[in-house]
Amino acid sequence: MVRRFSPLLGLILLISISARAQDRVELFGGYSFEHYAGTPGRNLNGWEITGKYKLAPWAGIAADLDGQYGLPSQPQARTLHFLVGPQISFPGRISPYIHALGGFGHFQGNGGQTSFAAAVGGGVDWRIAPLLSWRMIQADDVVTRFFGGTQHSLRLSTGVVLRF
């Protein structure tokens, strides 16, 4: 009798493990706008990708990578940031979150420079389907220290969030 139900018990175990592991990883990808606060201030357009691993339904670790391009006076100029840190979410159909990320930033234009970077901010995700959300808005104060000055640049993002 046990032999007959062994495959069925194994299948139930696998389904329960995958159901428990579901929604532990989030991947975001989308459009990003940054008002770079260097001298002079500039508006940049680009992309942002974020991966988050949930440690609990409300807490996780996020890794964020973005690229901003298109200075009118220097089309080849760009900023890149790689940041990691904790993210606190308030789960629900509409899910606000906050985060504090640290890492490095790189500015490339007339010369290049890499510095410590941080981003403090948050956003709101709207669940469209069980595994799909729309990041309606994310707003961050991105702090860098290029060329001897400190910049507080506003970064706004929107896009799609996939959950696994």
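Within the stretch 79-91, the set of residues being touching a residue at least 24 places away in the same chain (Cβ under 8 Å), more than 15 Å from Gln68 (Cβ to Cβ) and either among the β-branched types (Val, Ile, Thr) or surrounded by fewer than 18 Cβ atoms within 10 Å (Cβ to Cβ) (or both) comprises Gly85, Pro86, Ile88, Phe90, Pro91.
Conditions tested, residue by residue: (1) more than 17 Å from Glu48 (Cα to Cα); (2) not hydroxyl-bearing (Ser, Thr, Tyr).
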{"site": "His106", "(1), (2)": "no, yes"}
{"site": "Gly112", "(1), (2)": "yes, yes"}
{"site": "Ser115", "(1), (2)": "yes, no"}
{"site": "Ile128", "(1), (2)": "yes, yes"}
{"site": "Trp134", "(1), (2)": "no, yes"}
{"site": "Asp140", "(1), (2)": "no, yes"}
{"site": "Ser153", "(1), (2)": "no, no"}
{"site": "Thr158", "(1), (2)": "no, no"}
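Counting only residues that are over 17 Å from Ala62 (Cα atoms) and either surrounded by fewer than 16 Cβ atoms within 10 Å (Cβ to Cβ) or of a type in the set (Val, Ile, Thr) (or both), the stretch 93-114 holds 8 of them. Residues that are surrounded by 15 or more Cβ atoms within 10 Å (Cβ to Cβ) and outside any strand (DSSP E or B) were ranked within the stretch 25-55; the one that is modelled with the highest pLDDT is Ala37. Against the criterion of being part of a strand (DSSP E or B), at pLDDT below 95, under 15 Å from the mean Cα position of the chain (by Cα) and farther than 16 Å from Leu27 by Cα, Gln113 does not qualify. When the residues of the stretch 57-78 are narrowed to those that are at pLDDT below 95 and among the aliphatic types (A, V, I, L, M), which ends up surrounded by the fewest Cβ atoms within 10 Å (Cβ to Cβ)? If we take residues in the stretch 57-78 being at pLDDT below 95 and among the aliphatic types (A, V, I, L, M), then Leu71 is surrounded by the fewest Cβ atoms within 10 Å (Cβ to Cβ).
The values are calculated or read from the model by the stated rules, or taken from the named source; none is laboratory data. This structure is a prediction, so every number in the text was calculated from the model and none was measured. Don't worry about glycine lacking a Cβ; one is built from the backbone with ideal geometry, like all the others, and counts go over all protein chains shown.
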